[in-house]
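Read through the structure below, which is laid out as structure tokens, and then see the notes.
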Amino acid sequence: MSILVYTENWDGKFKKLSFELVSYAAAIAKEMGLDLTALSIGNVADDELNKLGNYGASKILKVENDKFNSLDNKALSKAVVAAAENVGAKIVVFAHNNLGKALAPRVSVKLNAGLVSGVTELPSSTSPFVVKKKVFTGKAFANVKVDAENVVLTFAQNSYEIVETGGSAAVEAFDPQVGDADFSTVVNETNKITGKVLLNDAEIVVSGGRGMKSGDNWGGLEELADLLNAGMACSRPVSDEGWRSHDEHVGQTGKIIAPNLYFAFGISGAIQHLGGVSSSKVIVAINKDPEAPIFEAADYGIVGDVFKVIPQLIEGVKEM
Amino acid sequence: MNFELTEEQLMIKEAARDYAQRELIQDVLERDEKGIFPTKHIKNLADLGFMGMMVDPEYGGSGMDTISYVLALEELSKIDASTAVIISINNSLVCYGLNRFGTEEQKRKYLVPLASGQIIGAFLLSEPEAGSDASQQHTTAVDMGDHYIINGTKNWISNANSASTYLVIAQTNPEKKHKGINAFIVEKDSPGITLGPHEDKMGMRSSDTHSVMFSDVKVPKENRIGEDGFGFKFAMMILEAGRIGIASQALGIAQGAMERSVAYAKERKAFGKTLAKHQAIAFKIADMAVKIENARNLCLKAAWLKDNHMPITVASAMAKQYAADIAMEVTTEAVQIHGGYGYVKEYHVERLMREAKLTQIYEGTSEVQKIVVSRDLLKD
Amino acid sequence: MKILVLISNVPDTTTKIRFTGDNTAFDAAGVQWIINPWDELALTRAMELKEAGGVEKITVANVGEKITEATLRKALAVGADDAIRIDAPAKDAFFVASQLSKIAGDYDLILAGIEASDYNGNAVGGMLAELLDYNSVSAVSGINMDGDKFVINREIDGGSQVLSVTGPLVAIVQKGIAKEPRIPAMRGIMMARKKPLNVVEAVDAHEKTSFVNFELPPPKAACKMVDEENAKELITLLHEEAKVL
């Protein structure tokens, strides 16, 4: 018996998220006395795969079949189910990202499992299985009990410490036997975001709101983000106005993020915005209105003109 | 007795709220500052059915009741009373008048485009010599057989420039006094009509107000509303229904000011605690709430009477006088609660205060409403 | 083509979250219920597709008790042609998906929101696709029809893609699918009561998860203020005190 963790790759490489995810799954496996198998679908070199051993995976199932590149949800979930059955998985863990959210519900039905999505902690009990997740878009947490023979989890990034075990894993090629009929997604075009830090991966996020006044004043924030290797984000009015692209919108109806450090420049902090960023470890608010609700949520704040503050912060970072 | 709103009424309230809080709020400050007419919003609100709310769908309207109308105007006025007054005039004066008293031909030709919001209407009663005293008309409409010739000047006309269709009150038989007055449908682009300059108003600055001059304006006979001499009665009946619209607008202004005050009082700190925790402020808010609830009940009662075809003269006058007066009180207190912030435009409450003032003046001043109420009580 | 839009009834997004019964249940007292924001966008997109031609019918469906009918009627007012309410409390995602699978078989396209804003399950759309053995595409930010195919914009981790997928399909949609939720016009509001709202008996299904209890996040410490003229100090604090730089 085993736990299966699905580790996605990006152009053949894993990310910090992958290691955090494996560390999390390994901790559950240890608690329950189970093995941890990682499933990798795609072309990943063995030495990259071996890295997963260092975070607690004892075995790696490697599926190399270009047909899966289309990320067809039906075919991919069949592959995960085949792998889960192959290793007798009681628990399957995905990342709580686009692909994980797409596959986990399908896999849970196939495996007769209870699904808990967006989990933020290790289970408080493994029999019965009880685990904590975010609800009401981060405004509360729920402890969820699974009443089924198996468990499927999606794990919310940035909520568990990476643990290096020094272990190693055996890599095994695996053919999940998914037939051509199960592939019906044709990819016409792929646009990868290049040259900037992805919001979901970013440990630091620099975000601007209506207080940025127009779409032309973002040079300072971009420079600051560059210096900090931070992701760029914005509040809803900003993306609605077309000052910044929609994929930078964070908030209840945009992206939900949980970086270590979130800078809110000229964002008043409507409850819908806070829903998307409240899980950040440290929130910094810069706003000219001392009454802005963002200060209620912030750890550090400056009441003042964002355009006066930004150059000073840039200078401060350069001196650091 | 049942205070519950129907699902439809709640949906209309929500639709008005969503439009106001999502769209009207975006440019309300700019339109107020520069006196810009909300062309885009009026088109959108027309598509949603707000321009002829109580007109039968057969004539391009939405077929709603007056209760829904009160709810919608309150929600719109919370954010933008200027846009609300444009809608109010179109609905409760122009469309209401044509729907109730127009001929089938008049309805087909004028009510359908007005109620569906393709065009806007205006109501031309006030004159330089007298505000809302409909019995004193210096504007004349001389009967020429198959048409009338109108001469004179109308003042303080809301929607004067944006409207295509005017309802004009004018004197045909001065010797018959108010029984010689007629009401006419006049197309704004008729030869002989000129507009005075845009009035630079204190508030409601996004609605366009002008004087309108008539110089030998020819109006076909079939554009007269009702029998010869019906004009005064027509104007009175329309005004009493129209008061419900202005009362609801005043109610919305007050409610908007209170909501902003509540939010501000919960956030703003003074002497180590939020304003909300200072009894002086908390009590001001309680006073606001009671007044607003009274005003709302008066508005809904008048609407209910109208929907049930009962007399509304006194009820609508009470609603208008009370709602307008408390709107002035509530917005003044809202500015006070906001302190310095209340006196700057960004915080909206100073605008609401300027808007509230007009609700005490137009479509019958608060004093005129008191005349209506007292006359009814004191008559022999 | 027929479209089914799944509707969740959720507390208004500005609701102050509270719990009752020793934190075992959400406190619904005084809560204003709305259509789940993503479902509302899905319905708006369905309407746009219908107006562009080629869609014969839009049905909205939810699993819930009678109180949720107001939400369905709002969806009818926005423009759906008919509504189905499966008469049972929405116990968990699997229970809901199992119920919906009994009525969803006739539709070419099923639109589901990426999650409900209350319990953030991210589950019903995918589970329903699996129960129906349909394909699914998640994180959909755009959908168009091209003959018998759907052309879909989907967000992936690190970018976006344009896909062609044949139906029947479950599209799990998010921000971008429609610009803004549509406000119902008064005509629509008046017609809503005349449109069919069919109440269907629930089938036997077992939930697989349940809530033990809820917690609110711990209260935040007061915000530490730095002077505007001395903003550099903030960088020092973040570096030395908070240790996040």
- Query: Between segment C:88-129 and segment C:157-208, how many Å separate their Cα centres?
  - Reply: 10
- Relative contact order, percent, segment A:2-182 [alpha-carbon distance under 8 Å, six or more residues apart]: 30
- Query: So, by mean Cβ neighbours within 10 angstrom, what's the order for C:214-226, B:276-288, B:89-101 with the highest one leading?
  - Reply: B:89-101, B:276-288, C:214-226
- Item | Under 16 Å from the Cα of C:LYS149 - lysines, other chains or at least 8 residues apart | C:LYS2, C:LYS50
- Beyond 24 Å between alpha-carbons counts as too far, so tell me which of B:LYS109/C:LYS57; B:LYS176/B:LYS221; A:LYS13/C:LYS175 fall in that bin. B:LYS109/C:LYS57; A:LYS13/C:LYS175
- Which lysines have a Cα less than 17 Å from the Cα of A:LYS110, not counting those fewer than 8 places away in the same chain? A:LYS74, A:LYS78, A:LYS90, A:LYS101, C:LYS208
- Message: I want to verify a result. In a Gaussian network model of chain C, Cα cutoff 10 Å, which of these has the top mean-square fluctuation: C:ALA80, C:ALA104, C:ALA29?
- Response: C:ALA29
- Query: By accessible area of protein heavy atoms, probe 1.4 Å, what ranking do A:TRP10, B:TRP304 get, highest first?
  - Reply: B:TRP304, A:TRP10
- With every protein chain kept in place and a 1.4 Å probe, the residues B:LYS188, C:LYS194, B:LYS269 fall, from largest accessible area down, as C:LYS194, B:LYS269, B:LYS188
- Query: Helices from chain A with mean Kyte-Doolittle at least -1.0 and a Cα length along the axis of 15 Å or more, per DSSP H: which?
  - Reply: A:16-32, A:73-87, A:98-110, A:306-319
- Dividing the helical contributions, -39500 (n - 2.57) per DSSP H run of n ≥ 4, by the residues of chain C yields a 222 nm value, nearest 500 deg cm²/dmol, of -7000 deg cm²/dmol
- At a Förster radius of 51 Å, what calculated FRET efficiency corresponds to the Cβ-Cβ distance of C:VAL151 and C:ARG193, to the nearest 0.05? 0.90
- Residues with beta-carbon under 10 Å from that of B:SER135, excluding B:SER135: net charge, scoring Lys, Arg +1 and Asp, Glu -1? +1
- Item | Solvent exposure ordering (accessible area, 1.4 Å, most first) of B:TYR362, B:TYR69 | B:TYR362, B:TYR69
- Write down the percent of antiparallel bridges among all DSSP beta bridges whose residues are both part of chain C, to the nearest 5. 40
- Task: Let me know the charge dipole size of the protein assembly as shown about its Cα centre in debye, to the nearest 20, where only the beta-carbon of Lys, Arg (+1) and Asp, Glu (-1) is charged.
- Result: 1620
- Message: I'd like to know which of B:ILE292, B:ILE361, B:GLY35 lies farthest towards the positive end of the charge dipole of chain B, counting +1 on Cβ of Lys and Arg and -1 on Cβ of Asp and Glu.
- Response: B:ILE292
- Query: About its Cα centre, how strong a charge dipole does chain B have in debye, to the nearest 20, once Lys and Arg get +1 and Asp and Glu get -1 at the Cβ?
  - Reply: 840
- Task: Determine the share of segment B:7-115's accessible area contributed by carbon and sulfur atoms, expressed in whole percent, with a 1.4 angstrom probe.
- Result: 50
- So how do A:286-293, C:121-128, B:206-213, B:30-37 stack up, highest first, on mean other-Cβ count within 10 Å? C:121-128, B:206-213, A:286-293, B:30-37
- Message: Longer than 26 Å from Cα to Cα, which of B:LYS269/C:LYS179; A:LYS133/C:LYS224; A:LYS132/C:LYS91; B:LYS357/B:LYS379; B:LYS107/B:LYS154; C:LYS179/C:LYS224 are they? Say none if no pair is.
- Response: B:LYS269/C:LYS179; A:LYS133/C:LYS224; B:LYS357/B:LYS379; C:LYS179/C:LYS224
- Task: Treating cross-link reach as a plain straight distance, find the lysines whose alpha-carbon is under 18 Å from the alpha-carbon of A:LYS16, omitting any fewer than eight places away in the same chain.
- Result: A:LYS51, A:LYS196, A:LYS281
- Ignoring ligands and nucleic acids, chains C and A bury, in total, an accessible area (1.4 Å probe) to the nearest 100 Å² of about 7100
- Query: Which percentage, to the nearest 5, of the DSSP beta bridges contained in segment A:2-182 is antiparallel?
  - Reply: 30
- chain B, relative contact order [Cα under 8 Å, separation at least 6], %: 16
- Picking from A:LYS51, A:LYS13, A:LYS62, which is most flexible by a Gaussian network model of chain A using Cα springs under 10 Å? A:LYS13
- Considering every residue in A:109-116, what mean count of other chain Cβ atoms within 10 Å of its Cβ is obtained? 5
- Task: Could you pull the Rg and Dmax for the protein assembly as shown, using just the Cα atoms, both in Å?
- Result: 31.9, 110
- For chain C the mean separation of alpha carbon contacts under 8 Å (6+ apart) over residue count, i.e. relative contact order in percent, is 23
- Item | Å² per residue, accessible surface of the protein assembly as shown at 1.4 Å | 40
- Label-zone membership for segment C:6-36, site C:LEU216, 7 angstrom Cα→C-beta point, backbone N under 18 Å: C:11-32
- Message: Report for the protein assembly as shown the percent antiparallel among DSSP-assigned beta bridges with both residues inside it, nearest 5.
- Response: 45
- Among segment A:1-34, those whose backbone N falls under 17 Å of a label point 7 Å along Cα→Cβ from A:GLU172 are A:1-7, A:34
- Note on the structure: Among A:THR37, A:THR126, A:THR190, the residue with the largest mean-square fluctuation in a Gaussian network model of chain A built from Cα contacts under 10 Å is A:THR190
- Task: Could you give the DSSP H helices of chain B that reach 27 angstrom or more along their long axis (alpha carbon positions) and whose average Kyte-Doolittle hydropathy is no lower than -1.0?
- Result: B:231-267, B:279-307, B:313-338
- Cβ charges +1 (Lys, Arg) and -1 (Asp, Glu), total dipole of segment A:158-243, debye: 480
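The values are calculated or read from the model by the stated rules, or taken from the named source; none is laboratory data. Quick caveat, the model's predicted, so the values are computed rather than measured. All Cβ positions, even for glycine, are placed from backbone atoms using ideal geometry, and neighbour counts span all protein chains on display. Note: areas computed on protein heavy atoms with side chains; ligands, DNA, RNA excluded. Shrake-Rupley method; radii C 1.70, N 1.55, O 1.52, S 1.80 Å.
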